[in-house]
Amino acid sequence: MRYTVSAVYDRSDFIGFMQAYNDRNKKLKSMSLITTYGTKMGSAVMLFGGAYNLYTMFSTGMWDMKMLAYSAILIVVALGLSMIPIDELAGRKAWNDYPLQGMKITYDFEAGGFIETRQGNPYKHNYKDIIELYADEDRYYLYVRENSAYIVCKRGFTEGNAEEFAKYIENKTGLKMKFKGVKEEPKPKEEYWNDEDDEDEDEEI
């Protein structure tokens, strides 16, 4: 079986990567939540400060153009921070720094490995180099390092089925695919086997 995936990455792919990066690791997810709530609290303080300055000028009738502009900036920044998640901001920054914007990347998954083609240049990779598998609704992430992964877009499958690819890559890597929002099932408890119990049952018979 062979799978071929071609796609031109866009900003949403990088935002998805940052969300996956934070979501798949419990420690990072906790830190992300702390940062998110801390940012929201900071934005609330900024919003209150800007609104209070406007209220003071309105109630006293003493208008200061510099203070008015400063208060307006505080309110705009506060609203922006409260509406955009931290991982989305990080994804947008990563996308802005991405040097291959607008370029098509193709992955060919075959029995002995997979080939990544960029700018007409093929690069051969081994399945054993993949250390973790993760997926969200639109993409698969094949991690080769903690913060580095091949992004396989489900929209880009030209050969093979996107949904069946999960089982395929699991078989090739020997890893279990983790899906966003799906908790891992707890491992069943190992039952303790006591040979004496068997002996007691034999005696009763």
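The values are calculated or read from the model by the stated rules, or taken from the named source; none is laboratory data. In this text, all values refer to a predicted model and were calculated from it rather than measured experimentally. Here the Cβ is made from the backbone with ideal geometry for all residues, glycine too, and neighbour counts use every protein chain on show.
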Going through region 151-165 one residue at a time, which ones are touching a residue at least 24 places away in the same chain (Cβ under 8 Å) and surrounded by fewer than 17 Cβ atoms within 10 Å (Cβ to Cβ)? Arg155, Thr158, Glu159, Gly160
What single numbered condition from (1) more than 17 Å from Ile131 (Cα to Cα); (2) exposed (fewer than 14 other Cβ atoms within 10 Å of the Cβ) fails to hold for Asn147? (1)
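Restricting attention to region 108-142, which residues are assigned to a strand (DSSP E or B) and within 20 Å of the chain's Cα centre (by Cα)?
Looking only at region 108-142, we keep the residues that are assigned to a strand (DSSP E or B), and these are 108-110, 113-118, 121-125, 132-135, 139-142.
Across region 108-142, the qualifying residues are Glu132, Leu133, Tyr134, Ala135, Arg139, Tyr140, Tyr141, Leu142.
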Among the residues of region 1-36, how many are modelled with pLDDT of 90 or more and of a type in the set (Lys, Arg)? 2
Among the residues of region 146-164, is any out of contact with any helix residue (DSSP H, G or I) (no Cβ under 9 Å at 6 or more places or on another chain), modelled with pLDDT of 95 or more and part of a helix (DSSP H, G or I)? yes
Given (1) modelled with pLDDT of 75 or more; (2) closer than 30 Å to Phe157 by Cβ; (3) part of a helix (DSSP H, G or I), number of the condition Thr56 does not satisfy: (2)
